[in-house]
Amino acid sequence: MALLNTHYTRTEHAVFTNYQAGRVWPFQEPWIAALLPNAMGINGPTFEAVLNLIKVDPSETCLHLMQRNEDQELLTEHAHAPLLEVQKRLGEEGTHLVDVMRRQIFNWLPGMREQGGQARPHDPQLLRVQLQSRSDVGMLWNCGLIDDKIFQMNASYDDAQLRAQEVGEIIERYFEIAAWITDPLHWSESVGDCPAL
């Protein structure tokens, strides 16, 4: 996602939102959280949206980019920060924060697999023809693994902001980047060498 964004913006930074489960004990010192029950067992919704700002260095290797997790650790740690309070403290710079967070959202759906890692059976009786969304989101990427080798994406978009042809090209480029970066033959290569960029 970061490579795709920097390709289109021609900048070194990718900005997009991602959804997180939020299954952590918020605002606790690590030693206190370690004494509490596992936060994965929390009942009810703990869904959070977090804003990513990822720097992409074209000379960085694929493997290094994929292994970087400092940003994700900070996002997880601070996912429960109250958005309106963050926006207020940013002052003038926070005016468009919510709008920025709605432009592009990445959502990894681990539930695309059935229990035991088996792919969901294809039901020829049920075929999605159209998905209509009324939310004010530029583009929503719902992604996940169907099995150990099959990646599925459902990209929905606001047609007031993007045309179907543009979305088709973006999705095609996304798959080209994903195929290239996940091929172990390219892990020692610079991400700037990706032919889809």
With the dipole of the chain worked out from charges on the C-beta (+1 for Lys and Arg, -1 for Asp and Glu) around the Cα centre, which of V50, L84, A196 lies farthest toward the positive end?
L84
HN-Hα J couplings of segment 80-94 from phi, Karplus 6.51/-1.76/1.60, θ = phi - 60°, integer Hz, Gly and Pro as x?
8, 4, x, 4, 5, 6, 4, 4, 5, 6, 6, x, 4, 5, x
From the square roots a ≥ b ≥ c of the eigenvalues of the alpha-carbon gyration tensor of segment 1-49, which class results: rounded (a/c under 1.5), prolate (a/b over b/c), or oblate?
prolate
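Enter the accessible area per residue of the chain (Å², integer; probe 1.4 Å; all protein chains in place).
Working: 13490 Å² over 197 residues.
Counting only protein heavy atoms, the per-residue value for the chain is 68 Å².
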So for D159, D183, what's the accessible-area order with a 1.4 Å probe, most first?
D159, D183
Once label points are set 7 Å from the Cα along Cα→Cβ at both L109 and H13, what is their separation, rounded to one decimal in nm?
3.1 nm
Using r as the Cβ-Cβ distance of I150 and E77, and R0 as 45 Å, what FRET efficiency do you calculate, to the nearest 0.05?
0.90
Relative contact order in percent for the chain (Cα pairs under 8 Å, 6+ apart) equals 25 percent
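Would you mind telling me the share, in percent, of accessible area of the chain contributed by carbon and sulfur at probe 1.4 angstrom?
Details: 7540 of 13490 Å².
Reported share for carbon and sulfur atoms: 56 percent.
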Report which label in (1) 13.5; (2) 14.4; (3) 11.0 holds the value of mean projected area of the Cα convex hull in nm² derived from the coordinates of this structure.
(2)
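Using helices alone, what [θ] at 222 nm do you get for the chain, with -39,500 (n - 2.57) per DSSP H run of 4 or more residues, divided over all residues and rounded to the nearest 500?
Working: 7 runs with 59 residues, N = 197.
So the helix-based figure for the chain works out to -8000 deg cm²/dmol.
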Run the dipole for the chain about the Cα centre, Lys and Arg Cβ at +1, Asp and Glu Cβ at -1, nothing else charged, and hand back the magnitude in debye, nearest 20.
520 debye
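The values are calculated or read from the model by the stated rules, or taken from the named source; none is laboratory data. It should be emphasised that the depicted structure is a prediction, and the values quoted were computed from it without experimental measurement. Here the Cβ is made from the backbone with ideal geometry for all residues, glycine too, and neighbour counts use every protein chain on show. All accessible areas refer to the heavy atoms of the entire protein, side chains included, with ligands and DNA or RNA removed. Shrake-Rupley method; radii C 1.70, N 1.55, O 1.52, S 1.80 Å.
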